[in-house]
Amino acid sequence: MNVDEKLNLIRINTEEIVTLEELKKKLEEGNRLKGYIGFEPSGLFHIGWLIWAQKVKDLIEAGVDMSILVATWHAWINDKLGGDLEKIRLAGEYAIEVLNSYGVDVSKVKVVYAEEFVKDPNYWALVIKVAKSTSLARMKRALTIMGRKAEEAELDTSKLIYPAMQVADIFYQDLDIALGGTDQRKAHMLARDVADKLGKKKIVAIHTPLLVGLQGGQRMNVQGMDEDDYLASIKMSKSKPETAIFVHDPPELVEAKLRSAYCPKGVIEDNPVLQINKYIIFANKGATLKVERDVKYGGDIEFKTYEELERTFAEGKLHPLDLKLATARRLNEILDPIRKSLYSKTKYESLISDLEKSVSR
């Protein structure tokens with residue numbers, strides 16, 4: 001794979017790359033690049049996470065040495081799973097199981113838990129150096145990376161440590177690339193801004209889009225909202241289970257959720273059904289979507305590209321229900337090996353049950 005081919009593969013389904021020119025230069029230099037993504041093991045794995053999981057696969061294929069940081073201490077600071085570190089770690093193992101059954105070659109990825117970092121004094125020295133290079137106002141603004149508002153630091157000072165830790169995670173691993181959703185942008189930009197002060201490499205930040213929740217974006221009252229609040233309000237979230245499809249959901253539930261999803265005829269913007277096709281179904285090479293229809297409605301049709309699907313739907317030539325049912329069938333095929341893997345292990349089956357109960361309370 002030459003540089004242009006690697007670049008094109010990495011660019012697929014990304015919201016932005018900061019910067020594309022820097023990434024191209026790094027690829028042209030021919031050195032083996034190091035990249036990472038970190039995630040909080042904080043609950044059930046929904047299909048929105050499959051977007052960055054696919055990008056991990058793309059980066060591995062492009063020859064990047066990827067690591068996955070299971071951010072257990074970060075989840076603890078962020079009050080996830082009742083601050084129970086044992087349960088947080090199990091939730092991290094469960095997420096790695098999902099990634100493996102989704103097709104992320106874990107043998108080619110370095111999986112590291114935050115406990116390995118925090119036992120090293122050099123790591124904490126980096127955290128302090130990052131904090132000393134950052135204003136309090138800037139650190140507070142970065143709290144959106146953990147789904148928090150700036151004022152929440154007034155009640156719990158530990159929240160201010162989180163952004164400094166995330167930046168230290170990057171420098172500690174001596175990375176070239178940091179991958180994350182667009183909600184992680186402020187941490188990545190902070191890392192880029194303080195890199196020169198600390199004599200560290202300036203990472204290339206690759207941001208994947210956030211999958212909109214099943215309620216869609218058009219139903220939200222966005223008047224007066226800033227961009228961060230708007231994105232938080234419409235994205236698929238495990239804390240709003242009625243708007244999410246989880247990777248363990250049984251086939252009939254996946255279909256039921258998609259049947260009720262926001263998908264007005266001909267509407268493209270913030271349409272979760274179309275986004276599932278774009279970012280998950282058609283992200284797989286050679287993917288197609290077969291829509292089964294009665295002959296009187298035009299008969300069966302198979303889409304070989306997402307662009308063809310979107311165009312047909314925008315023109316009103318594909319009924320929303322037909323799209324929803326076809327999407328459910330194809331999505332269930334993708335989720336089936338994940339479901340089988342999770343429910344073959346008692347500890348993950350029990351964890352899923354426990355997490356479902358806590359969400360429904």
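Restricting attention to the stretch 290-320, the residues that are open to solvent by less than 70 Å² (accessible area, probe 1.4 Å) and of a type outside the set (Phe, Trp, Tyr) total 14.
For Arg141, work out the one condition from (1) charged (D, E, K, R); (2) in contact with a helix residue (DSSP H, G or I) (Cβ under 7 Å, 6 or more places away or on another chain); (3) in a loop (DSSP other than H, G, I, E, B) it doesn't fulfil. With (1) charged (D, E, K, R); (2) in contact with a helix residue (DSSP H, G or I) (Cβ under 7 Å, 6 or more places away or on another chain); (3) in a loop (DSSP other than H, G, I, E, B) applied to Arg141, the lone miss is (3).
Annotation: of all residues in the stretch 25-40 being over 26 Å from His248 (Cβ atoms) and part of a loop (DSSP other than H, G, I, E, B), the one that is most open to solvent (accessible area, probe 1.4 Å) is Arg32. The set of residues in the stretch 321-351 that are more than 19 Å from the chain's Cα centre (by Cα), under 23 Å from Pro41 (Cα atoms) and hydrophobic (A, V, I, L, M, F, W, C) comprises Leu342, Leu351. The single residue among Lys132, Lys159 that is among the basic types (Lys, Arg) and either open to solvent by 30 Å² or more (accessible area, probe 1.4 Å) or modelled with pLDDT of 95 or more (or both) turns out to be Lys132. Considering the stretch 181-202 alone, what residues qualify as being open to solvent by 10 Å² or more (accessible area, probe 1.4 Å) and part of a helix (DSSP H, G or I)? Answer for the stretch 181-202, where residues must be open to solvent by 10 Å² or more (accessible area, probe 1.4 Å) and part of a helix (DSSP H, G or I): Thr182, Asp183, Gln184, Arg185, Lys186, Met189, Arg192, Asp193, Asp196, Lys197, Leu198.
Criterion applied to Ala178, Ala205 was being touching a Lys or Arg at 6+ places or on another chain (Cβ under 8 Å) and either modelled with pLDDT under 95 or outside any helix (DSSP H, G or I) (or both), and the one residue passing it is Ala205. Scanning the stretch 247-262 for residues that are open to solvent by 10 Å² or more (accessible area, probe 1.4 Å), touching a residue at least 40 places away in the same chain (Cβ under 8 Å) and not in a loop (DSSP other than H, G, I, E, B) gives Pro251, Glu255, Lys257, Arg259.
Consider the stretch 6-19 and keep the residues that are touching a residue at least 12 places away in the same chain (Cβ under 8 Å), assigned to a helix (DSSP H, G or I) and not β-branched (Val, Ile, Thr). The one that is farthest from Gln184 (Cα to Cα) is Lys6.
One line per residue, one yes/no per condition, for (1) open to solvent by 10 Å² or more (accessible area, probe 1.4 Å); (2) in contact with a helix residue (DSSP H, G or I) (Cβ under 6 Å, 6 or more places away or on another chain); (3) modelled with pLDDT under 95; (4) outside any helix (DSSP H, G or I):
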| site | (1), (2), (3), (4) |
| --- | --- |
| Leu23 | no, no, no, no |
| Ser42 | yes, yes, yes, yes |
| Lys55 | no, no, no, no |
| Lys87 | yes, yes, no, no |
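Listed conditions (1) open to solvent by 30 Å² or more (accessible area, probe 1.4 Å); (2) under 17 Å from Ala142 (Cβ atoms) are all met by Ala168, apart from (1). The residue that is nearest to the chain's Cα centre (by Cα), counting only those in the stretch 227-257 that are at pLDDT below 80 and among the charged types (D, E, K, R), is Asp228.
The values are calculated or read from the model by the stated rules, or taken from the named source; none is laboratory data. Bear in mind the structure is a predicted one, so any value in this text is a computation, not a measurement. Every residue, glycine among them, receives a Cβ derived from its backbone with ideal geometry; neighbour counts consider all protein chains shown. Ligands, DNA and RNA are excluded from the accessible area calculation, which covers all protein heavy atoms including side chains. Shrake-Rupley method; radii C 1.70, N 1.55, O 1.52, S 1.80 Å.
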